[in-house]
Amino acid sequence: METRITKLLGIEYPIIQGGMAWVAEYHLAAAVSEAGGLGLIGAASAPADIVRQQIREAKKLTDKPVGVNIMLLNPNAEEVARLIVEEDVKVVTTGAGNPGKFMELWKNAGVKVIPVVASVAMAKMMERAGADAVVAEGTEAGGHIGEATTMSLLPQVADAVNIPVVGAGGIADGRGFAAAIMLGAEAVQMGTVFATAKESIVHDNFKQKIFAAKDIDSEVTGRSTGHPVRSLRNKMTREYLKLEEEGASFEELEYLTLGSLRKAVVDGDVVNGTIMAGQIAGLIKEEKSCSEIIRKIMLQAEKLLKL
Ligand SMILES: Cc1cc2nc3c(=O)[nH]c(=O)nc-3n(C[C@H](O)[C@H](O)[C@H](O)COP(=O)(O)O)c2cc1C
């Protein structure tokens, strides 16, 4: 299936694996790219040297393009922005902020820039700043989120910009993929389903929580601080929400979640850790390889889109 995104990125299938803090490391990113999608290494708050090492390891596993996701508010952003060019990374996706100040650096080096947005206004701003495409991410998604749903955000962003749009949030099978295409997307980005992939190094406890999740098992913490995050309900989210209700300070809330994603992803502490995952977790029932995930989605979607 060819779209402006497959041509822009030089990939076979219009499927991007979201950059995910602690989760999106080189094994996963390389497996997705090798399977014909675009794998991303999630730089999150990792030191620049670790990100550099991750990029080099990914390149040993695949000749296909692998991108990097930068969270622009993190202290490492400046350094990671530069090493993207030094390491000849072809695609960068950005979250949490405006990539404007790095645009010239990246564009001069031929890096394709794809910011993640949660509103039409941000999408237009990114287009004006020179972005090559945007990911319109609905509130169903796992991780840091906006308020609009994928269903309503996607067609509005697709109408508002001329650059291609990638749909994200709540997609994990061919039906979701086909729906996103019908809403104006030219590719999809998925996070939760790839976190459970065979090649994902996420602790098995984390994966099992996703496989066992029902449709309404995710919860949003951090609305009171202006930094909402979607994860699966557990002791940590219950304590967090209780503190929020009691009007706890930003510092108190931050303390509770300090290192909590790492706790769940790396240590498998799914009681006190943050099990970041989206509403679509309820649809994901078993571990599959990245290539199985992508093949199944494309087969189902192609049938539906031909109807
Ligand atoms: C565990 C986890 C960590 C994430 N971390 C990041 C991140 O560091 N940067 C980012 O831009 N998006 C992050 N996301 C969002 C994903 O990249 C992706 O856009 C989202 O998961 C898509 O929605 P879905 O979960 O419904 O598939 C994260 C998502 C998950 C599940």
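Would you mention how many residues in region 228-239 are part of a helix (DSSP H, G or I) and of a type outside the set (S, T, N, Q)? Write out each step before concluding.
Initial filter on region 228-239 (part of a helix (DSSP H, G or I)): 235-239.
Still in the running and of a type outside the set (S, T, N, Q): 235-236, 238-239.
So the count comes out to 4.
In region 174-186, how many are within 12 Å of the ligand (Cβ to nearest atom) and either buried (at least 24 other Cβ atoms within 10 Å of the Cβ) or aromatic (Phe, Trp, Tyr) (or both)?
Matching residues across region 174-186 total 2.
Given the structure, is residue 32 surrounded by 24 or more Cβ atoms within 10 Å (Cβ to Cβ), modelled with pLDDT of 95 or more, in a helix (DSSP H, G or I) and among the β-branched types (Val, Ile, Thr)? It would help to see each step written out before you state the result.
Details: surrounded by 24 or more Cβ atoms within 10 Å (Cβ to Cβ): yes; modelled with pLDDT of 95 or more: yes; in a helix (DSSP H, G or I): yes; among the β-branched types (Val, Ile, Thr): yes.
Yes.
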- Item | Any hit, region 10-32, residues being touching an Asp or Glu at 6+ places or on another chain (Cβ under 7 Å) and over 30 Å from residue 178 (Cβ atoms) | yes
- Would you be able to tell me the number of residues in region 201-234 that are out of contact with any strand residue (DSSP E or B) (no Cβ under 6 Å at 6 or more places or on another chain) and on the phi > 0 side of the Ramachandran plot? 1
- Query: Restricting attention to region 240-287, and to residues there that are in a helix (DSSP H, G or I) and exposed (fewer than 14 other Cβ atoms within 10 Å of the Cβ), which single residue is farthest from the ligand (Cβ to nearest atom)?
  - Reply: 245
- Of the residues in region 134-153, those that are in contact (Cβ under 8 Å) with a residue 40 or more places away in the chain and either within 16 Å of residue 277 (Cβ to Cβ) or within 8 Å of the ligand (Cβ to nearest atom) (or both) come to 135, 137, 139, 140, 141, 142, 143, 144, 145
- Item | Of all residues in region 95-118 being within 20 Å of residue 16 (Cβ to Cβ), within 16 Å of the ligand (Cβ to nearest atom) and of a type outside the set (A, V, I, L, M), the one that is farthest from the chain's Cα centre (by Cα) | 102
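So that you can scan it fast, the table gives a plain yes or no per residue for (1) modelled with pLDDT of 95 or more; (2) within 14 Å of the ligand (Cβ to nearest atom); (3) crowded, with 18+ Cβ neighbours inside 10 Å; (4) of a type in the set (A, V, I, L, M):
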site	(1), (2), (3), (4)
53	yes, no, no, no
57	yes, no, no, no
64	yes, no, yes, no
71	no, yes, yes, yes
93	yes, yes, yes, no
- Message: Among (1) at pLDDT 95 or above; (2) assigned to a loop (DSSP other than H, G, I, E, B); (3) out of contact with any Ser or Thr (no Cβ under 8 Å at 6 or more places or on another chain); (4) surrounded by fewer than 18 Cβ atoms within 10 Å (Cβ to Cβ), there is one condition residue 12 misses while meeting the rest; what is its number?
- Response: (3)
- Message: in contact (Cβ under 8 Å) with a residue 40 or more places away in the chain, within 16 Å of the ligand (Cβ to nearest atom), surrounded by fewer than 20 Cβ atoms within 10 Å (Cβ to Cβ) and more than 16 Å from residue 2 (Cα to Cα): which single residue out of 171, 210, 201 fits that description?
- Response: 201
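Yes or no: region 154-162 includes at least one residue that is near the ligand (Cβ under 10 Å from one of its atoms) and either farther than 19 Å from residue 281 by Cα or out of contact with any strand residue (DSSP E or B) (no Cβ under 6 Å at 6 or more places or on another chain) (or both). Show your work before the answer.
If we filter region 154-162 for residues that are near the ligand (Cβ under 10 Å from one of its atoms), which is where we start, we get none.
Within region 154-162, none of the residues are near the ligand (Cβ under 10 Å from one of its atoms) and either farther than 19 Å from residue 281 by Cα or out of contact with any strand residue (DSSP E or B) (no Cβ under 6 Å at 6 or more places or on another chain) (or both).
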- Count of residues meeting criterion [more than 11 Å from residue 32 (Cα to Cα), under 21 Å from the mean Cα position of the chain (by Cα) and among the aliphatic types (A, V, I, L, M)] in region 287-307: 3
- Query: Taking region 193-233 only, how many residues are modelled with pLDDT of 95 or more, closer than 25 Å to residue 96 by Cα and of a type in the set (S, T, N, Q)?
  - Reply: 5
- Task: Taking the options 44, 58, 24, name whichever one is assigned to a helix (DSSP H, G or I) and among the small types (Gly, Ala, Ser).
- Result: 58
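The values are calculated or read from the model by the stated rules, or taken from the named source; none is laboratory data. Small disclaimer: the values here were computed from a predicted structure and weren't measured. Glycine gets a Cβ as well: all are built from the backbone with ideal geometry, and neighbour counts include every protein chain shown.
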